[in-house]
Amino acid sequence: MKAVLALLAVLYFDAHNHFTGILPFQAYANLPAYVAHFANPHAGPALDDRRALLRYLETVWYPQQGAALGDRPSSPPDGQRFALGARATLVVFRNRTDVRDVDGALERILSATPWSEFDSAYAFRGGPASDYLRTRFYHGDEARLAADLCRATVLDLAATNIDASEQSLPFAGGFHFENGRSDRLDTIQCPQRAASDPRVVAGLRRIGKPMPVIRFVLMTLTAQLATLPGGTTYSEWSKTGTCAAVPLPKAIETSPETIYSSLMGLKGDGRPAVARGERFQYWTSVVGIDTAGPETTCFSGDGMTYFSHLADAVYRAAKDRRALGWRGKLLVHTHVGEGSAIDYVPAAPLQPWTFGDAFAHLPSQLTNTQQAGENISALLGAIARFRQAHPDADRYVIFRLAHVTWANAAQAQTMHGERVEADVNLESNVATGAYPISRMPLGRPLIMRLWIDPIAGNPAENFELNDLLGALVSSPSNVNQTGSILGDAALRYLLEYHVRCLLGTDADGVEHSDIVREYAYAASLISYWDATDEGFRSLASGVREQTLFDNVAWHQANMTADEAEPY
């Protein structure tokens, strides 16, 4: 009955979302108009607004910043995050005014496409696009911009049918208070303010949606899971395809004690980050941690020791919250096994770029799927050791692995045995290249010849490939078509071994994703495997789309219970 009531309260739960990646590219053209359109369907960013944003990126940002990068591809270890394909878009499609070209160019720059990675999209959103909004519409007023970003994000979550979500909030280094204010704390308090904000209330009323339930997990970076002895370097493979030491930037280091203090609602010096009367509201809002980043890392022994200390910080925080009257568990959420497909251009096209050399073909990429699998095994080993050392761990923490795109059957079986949840992000994995064309059952040669090459080589159609999965599958409810593209997803093994799987969008504005479509894709895959895979029929007997909704109810019940729910 408890699970049934939870399911009735929440239909679509997004288990994996990044608060700073939710808004569509149009919002960055005119954020006040984007907020207004929820209450007034005639408002919204106009074509002239989108043209103006594109012109700013072309004529102001690129000459000042992007041109200095030349032909240099993005490079996570040293912080150059602006993708070559995004910068080439500003050159090849310069001075375009047609709606198709303007929207296609902005989408390519501000989202994950075959030419522009997700990390680049976040860099453009948090950098030049936000600078543009701040200057043009908010006259440098950071607080007003933050307030509208809050309103827009909450309204967009509701409009895209997300009833509840767990949002990753960038948190490397902690709160970073300045002049008594922390942007990160403001974001955590955003949903509480939005619930009584007249503009949000009016927008929700017009679209006929309730206020979404928003919880936050504090996001550290996976570079520290690959730390090498001495602590000043970590193991990373994106430069050569093999694991090698690169410097660990001090700015991203986050200590377990910082995480413990933050989960308790304290600053790094032990003083309260929130007023005593707001402590329980804060604890309701902050429900654990996430560790994320481009998976160009090679998890290490020292990194797994760091992970154990992180998990211990969460475990201690859950215990100490309980001692003060709080109820429930905290989440240890870790991105792993996603793999990475980064633009790898050892000989970049010489400038000036043209459509033919920049976009007429998919870019070459460097992938390391073997390392993704090894990272899963390393993390599962660390979780097993933690649970052995903490026999009551299941009463205080829930472990969840994010993506596990390259998990195999044995790892899925281990996940079940260790009571580990998984979240699956089908659309995101295609958008980022984590689930590449070469893995699709239909076969890369056929897909390239029939779909990709004709579209990529046609300037009038090229932008259709911004949303790669949308270009390959006409409808998520088409079982055979979905199976021919997504049929090798690791979701199969997770369901076969009855891992508690949850679905997520991984931030719809960046990843071309939608929570309703995620369920539709998953339902089609279950039907496809049931019809074509005897092993799946045997091992996953009784698994249906409803199983995924049941897992949501189970997760919510377990998060709010003091004892461990039966897995």
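The values are calculated or read from the model by the stated rules, or taken from the named source; none is laboratory data. Quick caveat, the model's predicted, so the values are computed rather than measured. Cβ placement follows ideal geometry from the backbone for every residue including glycine, while neighbour counts extend to all protein chains displayed. Note: accessible area is taken over every heavy atom of the protein model, side chains too, but ligands, DNA and RNA are not part of it. Shrake-Rupley method; radii C 1.70, N 1.55, O 1.52, S 1.80 Å.
Data table
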{"read-out": "Nonlocal amide H pairs with Ser168, under 5 Å, H built at 1.01 Å", "value": "Asn17, His18, Phe19, Val217"}
{"read-out": "Carbon plus sulfur fraction of accessible area for the chain, probe 1.4 Å, in percent", "value": "53"}
{"read-out": "Difference of contour (0.36 nm per residue) and Cα-Cα distance, Ala389 to Asp269", "value": "40.3 nm"}
{"read-out": "Inter-site label distance for Arg327 and Thr305 at 7 Å from Cα along Cβ, in nm", "value": "4.0"}
{"read-out": "Peptides ranked, highest mean first, by Cβ atoms within 10 Å: ranges 330-337, 468-475", "value": "330-337, 468-475"}
{"read-out": "Reachable lysines from Lys319, criterion Cα separation under 27 angstrom, eight or more residues apart if same chain", "value": "Lys2, Lys267, Lys329"}
{"read-out": "Vicinal HN-Hα couplings computed from phi for the range 122-136 (Karplus, 6.51 cos²θ - 1.76 cosθ + 1.60; Hz; Gly/Pro x)", "value": "5, 5, 5, 5, x, x, x, 5, 5, 4, 4, 4, 4, 6, 6"}
{"read-out": "Label corresponding to semi-axes √(5λ) of the Cα gyration tensor in Å when calculated from the structure given, among [x] 37, 26, 25; [y] 44, 29, 21; [z] 33, 29, 25", "value": "[z]"}
{"read-out": "The range 123-183: radius of gyration over Cα atoms, expressed as a fraction of 2.2 N^0.38 Å", "value": "1.30"}
{"read-out": "Under 5 Å, built H, 5+ apart or other chain: amide partners of Leu502", "value": "Ala422, Asp423, Val424"}
{"read-out": "Any cysteine of the chain lacking a neighbouring Cys Cβ under 4.7 Å - listed by number", "value": "Cys501"}
{"read-out": "FRET efficiency, 1/(1 + (r/R0)^6) with R0 45 Å, evaluated for Ser196 and Asp533 via beta carbons", "value": "0.35"}
{"read-out": "Integer Hz, Karplus 6.51/-1.76/1.60 couplings in order for the range 415-429, x for Gly and Pro", "value": "4, 4, x, 9, 6, 9, 7, 9, 10, 10, 10, 4, 5, 4, 4"}
{"read-out": "Per-residue HN-Hα couplings for the range 310-319 [Karplus 6.51, -1.76, 1.60; θ = phi - 60°; Hz; x = Gly/Pro]", "value": "4, 4, 5, 4, 5, 4, 5, 5, 4, 4"}
{"read-out": "Other-chain or far-sequence residues with amide H under 5 Å of Leu331's (modelled H)", "value": "Gly288, Ile289, Ile398"}
{"read-out": "Per residue, the convex hull volume that the Cα atoms of the range 241-328 enclose (Å³)", "value": "113"}
{"read-out": "Tensor-based shape of the range 194-290 (alpha-carbon gyration tensor, a/c under 1.5 rounded, otherwise prolate or oblate)", "value": "oblate"}
